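The structure appears below as structure tokens.
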Amino acid sequence: MGRRVNPPRRTLIFLTCVLAVPTVPSLIYGAPDMTNVEAMLPYLLVGALLGLIHLFLRPIIRALSAPLGCLTLGLSGTVIDVALIYLSARLLPGFPAPEFLCAALTAFLINAVSTYLRHK
């Protein structure tokens with residue numbers, strides 16, 4: 001079975017999700033305006049929702065898709081993470097669906113930090 005993640009690390013993974021959603025689009029496209037609270041609020045809400053999905057729903061989906069992950073050498077995990085980003089963006093009205101590159105880079109950033117925190 002996998003290694004359990006302790007509560008402080010769970011908090012850091014959640015905060016990574018919250019901060020990755022506005023950070024990656026701002027690095028790629030120059031949006032959103034980080035000084036405008038009203039412009040940042042939808043990004044932070046999607047990040048918070050993604051953090052909750054990442055902590056609670058993602059482990060279940062990854063466990064169910066483990067055989068597919070063996071066949072695709074782990075590529076299905078990235079597809080699942082990008083799909084969860086789209087899901088969290090769709091659940092909040094008024095938030096534009098991210099482009100694939102932005103969603104993939106956000107998933108990569110979150111996975112890199114999560115992997116580092118799990119193996120630290």
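Observations on the structure shown:
- Within-15-Å neighbourhood charge of residue 78 [Cβ basis; K, R +1; D, E -1]: +1
- Radius 11 Å from Cβ of residue 13, net charge of other residues (Lys, Arg +1; Asp, Glu -1): +4
- Estimated 222 nm signal from helices in the chain, with DSSP H stretches of n ≥ 4 weighted -39500 (n - 2.57), rounded to 500: -25000 deg cm²/dmol
- Label point distance in nm, residue 116-residue 36, each placed 7 Å from Cα along Cα→Cβ: 3.1 nm
A short reminder: the numbers here are calculations on the coordinates, not readings from a lab. Being a predicted model, the structure only gives us computed values, none of them experimental. Cβ atoms come from the backbone with ideal geometry, glycine included; neighbour counts cover every protein chain shown.
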